[in-house]
Amino acid sequence: PEARNDKKRNAFHDPFFVDLEEGSVRDHNALNPHIRNSLDSAKSVGDSVLAGLKKFFEEFVQTSFSMLISVLRSTLGHGAKALNQSGRDLEFDRPKMMNFLAWFLEYHRHHHASQLAAAKKSGEAAPVIDIASVQGAIDLDMIQFTTARLRQYGKECGIHASHLVIVLRALLQQVKTIDVVMDSKDQDTRDCVEILTQNMVKDDVMGHLAWIMKNYKSTSHDPRIMSYAVEVFHY
């Protein structure tokens, strides 16, 4: 009874609370008995292994990522309910796909940033970001899929905390990638991302983000919902 009567802990009132940086789960992994012993394993990875991984990811993005993410999106459908041919509920496969999308969009942006830095250092012309390799992750169909999940796990569910964090993370990576592409010197490329941005506005993304921020409860919802929502709204 005493435990039930205790006030719920408010993470934002905790002076030691630090929100996770983008892509970082080290603090959470430290509590995970399955992987906490391998946190420092990256320190023992040699340069040749890292070079091999980088080569693999570069080739994967260029040859397979866009097509694969498009197939996953079409398989998982646009509706609120997603079932495969055998009738299995695919709802929990959607967060996996959105995590996959967010990771590779973030990787692609950082890879482009490293290319810009190398070009600036050598005095060469700045390269244009390769939008074709990630087209399936930021095209109109995928934007509509993500905004539909924003509505579904936001206002329609009264904030589905665990799913909404992943949707906001994926949406943030889409918006950040579009932001980088918007700086492209190619007019046709800029026209494409302007159309995508217009569709986000048409789908009332700003209104849904405002609703999420207004109805967020720090005593019961994941703090990342607020931080991601503010960041997406800002971009």
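The values are calculated or read from the model by the stated rules, or taken from the named source; none is laboratory data. Please read all numbers here as calculations on a predicted model, not as lab measurements. Here the Cβ is made from the backbone with ideal geometry for all residues, glycine too, and neighbour counts use every protein chain on show. Note: areas computed on protein heavy atoms with side chains; ligands, DNA, RNA excluded. Shrake-Rupley method; radii C 1.70, N 1.55, O 1.52, S 1.80 Å.
Estimated at the nearest 10 Å², the accessible area of GLU156 is 130 Å² with a 1.4 Å probe.
Residues LYS176, LYS214, LYS155, ordered by accessible area of protein heavy atoms at a 1.4 angstrom probe radius and largest first, appear as LYS214, LYS155, LYS176.
Magnitude of the charge dipole for the stretch 117-190, about its Cα centre and with charges confined to Cβ atoms of Lys, Arg (+1) and Asp, Glu (-1), is about 340 debye. Surface analysis of the stretch 99-214 yields an accessible area of 47 Å² per residue, using protein heavy atoms and a 1.4 Å probe.
Across the stretch 128-135, rounded Karplus estimates of 3J(HN,Hα) from the backbone phi angles (6.51 cos²θ - 1.76 cosθ + 1.60, θ = phi - 60°) give 8, 4, 7, 7, 5, 5, 10, 4 Hz, Gly and Pro being marked x. The Stokes-Einstein estimate for the stretch 172-217, based on a Kirkwood radius over Cα pairs and taken at 25 °C with 0.890 mPa s viscosity, is a diffusion coefficient of 209 µm²/s. Taking every alpha-carbon pair under 8 Å whose residues sit at least 6 apart, the stretch 80-235 reaches a relative contact order of 25 percent.
Ranked from the most accessible area to the least, with a 1.4 Å probe and all protein chains present, what is the order of TYR107, TYR153? Write out the running numbers ahead of the final one.
Values: TYR107 45, TYR153 0 Å².
From most accessible down to least: TYR107, TYR153.
Once you've got the Cα coordinates, tell me which of LYS120/LYS185; LYS155/LYS202; LYS55/LYS176 are over 19 Å apart. Violating the 19 Å limit, Cα to Cα: LYS55/LYS176.
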